[in-house]
Amino acid sequence: MERLFIEPRDLADADKLAAMGLRHNPVTALVVPRPIAWISTITSEGIANLAPFSFSGMACQSPPMVMFCANASHAEGGDKDTLRNVRQNGEFVFNVATWELREQMNRSSSMVDRHIDEFDLVGVTKAPSRAIRPPRVAESPLSLECKVATIVELPACPVSGQRNTATFGEVVGIHIDPDIIHDGRIDSGRYRPLARLGYLDYATCGDIFEMHRPGPRR
Ligand SMILES: Cc1cc2nc3c(=O)[nH]c(=O)nc-3n(C[C@H](O)[C@H](O)[C@H](O)COP(=O)(O)O)c2cc1C
């Protein structure tokens, strides 16, 4: 069957999308699932900040590196608090969001006053990090302490002109809840990492299966 073909400039044109049978801009549904980086940072005044970012992931195995993308601006103008904090202080924690933490994760995306501590707002506990200043989410079974390696400026939104950035961090400390370890391996099925699909859809881990790569085993 012939594929639909969409040019990015038409993604903002509801009539063109509707003519193809699409009720919404499909972009967020194109590459899924996206892990949810629940990023904690700290302001220069020492106020903690927490927000989810699903344009995110692991970028490198050795050294371990993760990344997240901040898109658009804060409601008060300028960079989102997370981006502002990593620019100023160069540190963040990548906490893994889980099924059990889904409501708190979602509430922490509220665009609130810069001086509000979202840990307190959503009712999660701060646990101290070891190598960096921002606290981690105590309830998350996996938290990665990170130092910013680079912040890449991406092309701005062609419609609003708002900036997009990708922040890459080198992992300098790894916190693992021993309860998620089974048979010597982290068992993702035990903590149900949360992922984002398109639109307002989410998923957790479905079937988990093993597959060996061809050639010599690494
Ligand atoms: C599941 C989920 C995923 C999100 N992913 C992103 C993202 O990848 N990039 C982004 O800029 N905002 C994303 N947001 C919105 C931010 O969390 C929101 O703008 C938040 O208020 C930013 O907080 P901050 O100003 O404290 O950094 C997401 C929200 C939710 C609920």
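The values are calculated or read from the model by the stated rules, or taken from the named source; none is laboratory data. It should be emphasised that the depicted structure is a prediction, and the values quoted were computed from it without experimental measurement. Note: ideal-geometry Cβ built from the backbone for every residue, glycine included; neighbour counts use all protein chains shown. Ligands, DNA and RNA are stripped out before the accessible areas are found, and what is left, the full protein with its side chains, is counted by its heavy atoms. Shrake-Rupley method; radii C 1.70, N 1.55, O 1.52, S 1.80 Å.
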Where is the GNM fluctuation largest for the chain (alpha-carbon springs, 10 angstrom cutoff): Leu194, Leu50, Leu154?
-> Leu154
Treating only Lys and Arg (+1) and Asp and Glu (-1) as charged, each at its beta carbon, one finds that segment 108-218 has a dipole about its Cα centre, in Debye to the nearest 20, of 440
Taking the alpha-carbon centre of each part, the distance from segment 1-68 to segment 102-156 in Å is 18
May I ask you to list the aspartates and glutamates whose Cα is less than 14 Å away from that of Lys126, ignoring any residue fewer than eight positions away on the same chain?
-> Asp117, Glu118, Glu139, Glu145
Using a Gaussian network model of the chain with C-alpha springs under 10 Å, which one of Ala195, Ala18, Ala127 is most mobile by mean-square fluctuation?
-> Ala18
On full extension of the chain, what length is gained from Asp15 through Val172, given 0.36 nm per residue of separation minus the C-alpha to C-alpha distance?
-> 51.7 nm
Length gained, Ala131-Ala203, 0.36 nm per residue minus C-alpha separation, equals 22.7 nm
If the label point is 7 Å along Cα→Cβ of Asn106, which residues in segment 55-69 have backbone nitrogen under 19 Å from it?
-> 55
What list of ³J(HN,Hα) couplings, whole Hz, do you get for segment 133-148 from phi and the Karplus terms 6.51, -1.76, 1.60, once you set θ to phi - 60° and write x for glycine and proline?
-> 7, x, x, 9, 7, 4, 6, 6, x, 9, 9, 10, 6, 10, 10, 4
Karplus-derived 3J(HN,Hα), 6.51/-1.76/1.60, for each residue of segment 56-68, Hz, glycine and proline x = 7, x, 8, 9, 6, 8, 9, x, x, 9, 10, 8, 8
Charge-dipole axis of segment 31-203 as Lys and Arg at +1 and Asp and Glu at -1 on Cβ define it, positive-most pick from Gly169, Val159, Ser54 = Val159
Table column - 3J(HN,Hα) (Hz), segment 152-169, Karplus curve with 6.51, -1.76, 1.60, x for Gly and Pro = 9, 7, 9, x, 6, 4, x, 8, 9, x, 6, 7, 10, 9, 10, 9, 9, x
Computed magnitude of the charge dipole of segment 30-118 (debye, nearest 20; Cβ of K, R +1, Cβ of D, E -1) | 320
Which whole-number percent gives the relative contact order of segment 31-203, counting Cα pairs below 8 Å spaced six or more residues apart?
-> 27
Spin-label pair Val32/Ser160, simplified geometry with 7 Å Cα→Cβ offset, distance in nm | 2.1
Over the chain, give the accessible area per residue in Å² for a 1.4 Å probe, as an integer.
-> 60
If Lys and Arg each add +1 and Asp and Glu each add -1, what is the summed charge of the other residues whose beta carbon sits under 13 Å from the beta carbon of Arg133?
-> +1
